[in-house]
1. Using Rg and Dmax of the Cα atoms in Å as the read-out, say which of [x] 19.9, 59; [y] 23.3, 101; [z] 20.6, 70 was calculated from these coordinates.
2. Pull out the extension gain between residue 170 and residue 256, defined as 0.36 nm times the separation in residues minus the alpha carbon to alpha carbon distance; nm, one decimal.
3. Per-residue accessible area for residue 32 at 1.4 Å probe radius, Å² rounded to 10?
4. With every protein chain in place, what's the accessible area of residue 311 (1.4 Å probe, Å², nearest 10)?
5. Kindly provide the helix-only [θ] at 222 nm of the chain, computed as the sum of -39,500 (n - 2.57) over DSSP H runs of four or more divided by all residues, to the nearest 500 deg cm²/dmol?
6. Once the Cβ-Cβ distance between residue 306 and residue 195 is put in as r, and R0 is 51 Å, what FRET efficiency do you end up with, to the nearest 0.05?
7. What figure, in Å² to the nearest 10, do you get for the accessible area of residue 82 with a 1.4 Å probe and non-protein molecules left out?
8. With a 1.4 Å probe and all protein chains in place, put 147, 220 in order of accessible area, largest first.
Amino acid sequence: MANGKLKVGVIGCGNIFNLAHKPALEKIQSIKVAACMDVDEERAVKGAKYFNAKAFVDLNEFLDLDLDVVEILTPTYTHAELALAALKRGKHVIIEKPIALTSEEAEKMIKVAEKEGLKLFVGHVRRFDKRWVQIKDVIKNRNILPMQIKKNEVQGLPFPSDYWYWDESKSGGVALDLGVHVTDFLRWLFESEPVEVFGSGKMIKEQARERNTYDHFVMMIKFEGGKLGIAEVSWAYPYPARYGVFYHHLDIIGKNGRIRYTPMDTPVVGVAKSQFEMPRFSPLLSTFPDAFERELRHFFECIREDKEPTVSAKDALIALKIAEKAKESAKLGKSVEFGGGEE
């Protein structure tokens, strides 16, 4: 640590860095961003300049620095390689969700972190969003006892078909990339483990059909105690501009009550000028930046105080495994048993 501050290095200076992590890191006084790395030198230099830090395009040179923590904000298919390299060089790791492209990669990351005595945190930011935290508190305090939870997270993905998101071998497709948000969310609210998964997908947009990957996916997840989770995730929803709104919907049916919530932070407001526009009320599609700040503050506190986080790498692994089982189910055309919780 420098002057009592954790020294942080960031890998990946693209969208999620600029929209969420950069403003969050700037507000946290207990850390110092010492370096930024990106395969695009211009992005690395721009990110580093913002924090008066060093810029890198070479991973080994970046990891040679005396860093306490490495933040990995890169495409999913690079997560495991970068995290393993950082852990083996003695750095704690914070990584965006999904934890990895496959559960095998994720399990290896967890084992290496445990072997090295280091922290591995995964950014399941929904758990730090005040809206969902408040709803979880209501479930507990009002004794709702959820038996069925339906969660929708849908949007239009505006990128061309050659973008990495549309390549299932790099993103895992919508069932994994967006799906892990909801699979973790359901398990978090139910406080129960999955036992059976059914998944079904559609290829709706031209980009999806070109790349033979689902852009709309529905999961039905049976949890212990007869509980049922229903997840709808999509990149196929129509949008009038490059980035339309991100649609949420939550419906909880419990033994003692019901909670229904459709966020109004990104309302469907149309503005007709030379073209039709839909204003956005947050720089992010799915949550507000303060959730990322709370998430990062918590992770840094866990490093300083050597305590367990509210969402663990094993939680992230289970969320990933549920999504994998849903994809397997869609391929087989039948439900599959879930085996692969915490061992």
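1. So the calculated entry is the one marked [x].
2. Computed gain between residue 170 and residue 256 is 26.7 nm.
3. 80 Å²
4. Probe radius 1.4 Å; accessible area of residue 311 about 0 Å².
5. Rounded to the nearest 500, it is -10500 deg cm²/dmol.
6. 0.90
7. 20 Å²
8. Ranked list, largest accessible area first: 220, 147.
The values are calculated or read from the model by the stated rules, or taken from the named source; none is laboratory data. This structure is a prediction, so every number in the text was calculated from the model and none was measured. Note that we place each Cβ from the backbone using ideal geometry, even for glycine, and neighbour counts take in every protein chain shown. Side chains are part of the model used for accessible areas, which takes the heavy atoms of the whole protein and leaves out ligands, DNA and RNA. Shrake-Rupley method; radii C 1.70, N 1.55, O 1.52, S 1.80 Å.
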